[in-house]
Every structure is written in C-alpha cells, then in structure tokens.
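Here the structure comes first, spelled out in structure tokens, and everything after it is commentary.
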Amino acid sequence: MTEPDTNATISTDPKLLELLVCPLTKTSLQYDAERQELVSRAARLAFPIREGIPVLLEAEARKLDEGE
C-alpha cells in the first residue's frame, strides 16, 4: 500500500479560487503555492491545504505574522 502524497498541490484554476472564500469573513482567499495555504488577509489567517484539499477550519488555520 502506498502512502498518500502529502505534497499534493491544489489546482490553481482561477474559477475554483473565485468560489472559495474565508469561512469567517466571506472574503476572497489568496493561494500561496509555496506554503500550500489559502490566505485570508481580512481574518489574518492561513488555511492549510492537505493532500490537495483545503481545510477551511479556524482551529486548523495558522495566524499570520505582522509582516505577512
């Protein structure tokens, strides 16, 4: 049995990204390909993408630093 690819990337299809919004602020998200995150500037949170699936849960999100 093979291990799942934990480095899988989300499709950067612009239409998909237009549909996804921050679950807290309902504002658009920015895709960070390097960190595999969807970033909500309004909520100051970065939501992880795991195995190609966005995890849009506040409890799983990383708080953005001041410089981000």
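From the set of residues in the range 1-48 that are of a type outside the set (Lys, Arg) and assigned to a helix (DSSP H, G or I), which is modelled with the lowest pLDDT?
Once the filter is applied, the top-ranked residue is PRO14.
If you go through the range 26-46, how many residues are without any contact (Cβ under 8 Å) to a residue 12 or more places away in the chain and basic (Lys, Arg)?
Result for the range 26-46: 2.
State all residues of the range 53-68 that are surrounded by fewer than 11 Cβ atoms within 10 Å (Cβ to Cβ) and out of contact with any strand residue (DSSP E or B) (no Cβ under 7 Å at 6 or more places or on another chain); if no residue qualifies, say none.
Answer for the range 53-68, where residues must be surrounded by fewer than 11 Cβ atoms within 10 Å (Cβ to Cβ) and out of contact with any strand residue (DSSP E or B) (no Cβ under 7 Å at 6 or more places or on another chain): ILE53, LEU57, ALA59, ASP65, GLU66, GLY67.
The values are calculated or read from the model by the stated rules, or taken from the named source; none is laboratory data. These numbers were taken from a predicted model, which means no experiment stands behind them. As a convention, Cβ positions derive from the backbone with ideal geometry for all residues, glycine included, and neighbour counts pool all protein chains shown.
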